[in-house]
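Only one structure is covered here, and it is reproduced in the block below.
The values are calculated or read from the model by the stated rules, or taken from the named source; none is laboratory data. The structure displayed is predicted, hence computed values, not measured ones. Here the Cβ is made from the backbone with ideal geometry for all residues, glycine too, and neighbour counts use every protein chain on show. All accessible areas refer to the heavy atoms of the entire protein, side chains included, with ligands and DNA or RNA removed. Shrake-Rupley method; radii C 1.70, N 1.55, O 1.52, S 1.80 Å.
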Amino acid sequence: MTDITLKEVFKARKRIAPIVRTTPLIQAPQLSEQQGRPVHLKLENLQETGSFKLRGAANALLGLSDDEKARGVLAFSTGNHGRAVAWVARELNISCTICLSERVPAYRVAAMEAFGARVVQKGASQDDAYNVALALERDKGLTMVKPFDDPNVIAGQGTIGLEILEAVPEVDTLVVPVSGGGLAAGVARVLKAADPAIQVIGVSMEVAPAMYHSLKSGKPVEVTEKDSIADALLGGIGLDNAYTYPMVERYLDRIDLVSEAQIEKGMIFAHDHLGILIEGAAAVTLAWLLTHRCPGKSVVGILSGGNVDTGLLFDILARHNKPNP
Ligand SMILES: *Cc1c(COP(=O)(O)O)cnc(C)c1O
């Protein structure tokens, strides 16, 4: 059975406690009023490195053997997973290599290097960079840390579920962003164990929702890549997906899609009403809450990350919050 156990999640929590923050869970008054029931938000945008990815990365690296730690780790990611792996590797004194294509902008490379990672920038596309990573894994014996389809990563993300149950024990509806499904699978695994009646609603962006189309097709499928302001949700789930696809299929009640305009409104809502900056991938949760009627009596939404390009965010805010003439 390609699943994880609750025991693995409890073990992860103990293991990653020195590295990760227990993030705040706040009540959102405007959303609660609009929904006519309490809506809470789990602020993983305030997690160290700016996203929940730290939890899975920490659990994966702490689960390596001494020999694997000595040889070093490898990640292939332009975004939050790469940052998280680089950060944890530095904390644990493990050497870390990140493979990126030459098209990745310099500021992203600088962010990884600032965390002490060695960045190998080669090739014109993500696929080229991936092949460079595979060669390093094969030739140098580096350990590839996967972004979602790994039981240790899923168990690490699942620790969010434990924190939700402690802070809001009456939760009966969860709203969670979905890309590769590591976050949703881990948290849903925990909540459904506590009470199978808890509704778990995944949210993806309309333009390229790989997990959504895979569920519809009954197996992992590829989607054509498009741009989205929820850039951390882009990418496939892997045609050889072993864990997150079956877990999402089993533990999520459904996946809904939101538009780019709705995601923008979610980012603006976070700024205007919550006083926080979130990235597009996290804003899909607010986009859903602002446009759907929640089932249940007590809702928790996960705001998954805050690593937004401030230029982009200011453009969006300026466009929407025009001063009164
Ligand atoms: C990676 C990521 C997601 C999606 O997580 P998956 O485990 O791939 O489904 C959502 N939000 C942010 C901010 C992320 O970095």
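Measuring between their Cα centroids, region 53-96 and region 208-240 lie 25 Å from each other. Over all orientations, region 206-253 has a Cα convex hull whose mean projected area works out to 3.5 square nanometres. Just so you know, the averaged projected area of the alpha carbon convex hull for region 54-144 sits at 5.1 nm². Of the residues Cys99, Trp87, Ala135, the one whose Cα sits farthest toward the positive end of the charge dipole of region 54-144, with +1 on the Cβ of Lys and Arg and -1 on the Cβ of Asp and Glu, is Trp87. Measure out, as a whole number of angstrom, how far apart the alpha-carbon centroids of region 16-38 and region 115-173 sit. Cα centroid to Cα centroid, the span is 24 Å.
Summing Cβ point charges (Lys, Arg +1; Asp, Glu -1) relative to the Cα centre of region 1-138 gives a dipole of roughly 340 debye.
Among rounded, prolate and oblate, which fits region 133-201 when a ≥ b ≥ c are the square roots of the eigenvalues of its C-alpha gyration tensor, a/c under 1.5 means rounded, and a/b larger than b/c means prolate? Prolate. Heavy-atom surface analysis with a 1.4 Å probe gives the chain a carbon and sulfur content of 51 percent of its accessible area.
The residue among Thr49, Thr159, Ala110 whose Cα reaches farthest toward the positive pole of the charge dipole of the chain, with charges on the beta-carbon of Lys, Arg, Asp and Glu, is Thr159. When +1 charges are put on Lys and Arg Cβ atoms and -1 charges on Asp and Glu Cβ atoms, the dipole computed for the chain relative to its Cα centre reaches about 480 debye. Accessible-area rank, largest first, for Leu54, Leu136, Leu62: Leu62, Leu136, Leu54, with all protein chains present and a 1.4 angstrom probe. Probing with 1.4 Å while keeping every protein chain in the model, the per residue accessible area of the chain equals 43 Å².
Of all lysines in the structure, those lying under 25 Å Cα to Cα from Lys42, and not within fewer than 8 positions of it along the same chain, are Lys7, Lys11, Lys14, Lys53, Lys146, Lys192, Lys265, Lys297. Of all lysines in the structure, those lying under 24 Å Cα to Cα from Lys140, and not within fewer than 8 positions of it along the same chain, are Lys69, Lys122.
Taken over the alpha carbons of region 213-325 as equal point scatterers, the Debye sum produces base-10 log I(q)/I(0) values at 0.17, 0.18, 0.20, 0.22 Å⁻¹ of -0.93, -1.02, -1.16, -1.28.
Diagonalising the gyration tensor over the Cα atoms of the chain and scaling each eigenvalue by 5 before taking the square root yields semi-axes of 30, 23, 19 Å, largest first. Taking every DSSP helix (H) stretch of at least 4 residues in the chain, weighting each as -39,500 (n - 2.57) and dividing the sum by the residue count yields a mean residue ellipticity at 222 nm of -13500 deg cm²/dmol. I need the shape label for region 185-266. Rule: rounded when a/c is under 1.5, else prolate if a/b > b/c, else oblate, with a, b, c from the alpha carbon gyration tensor. Here region 185-266 falls in the oblate category.
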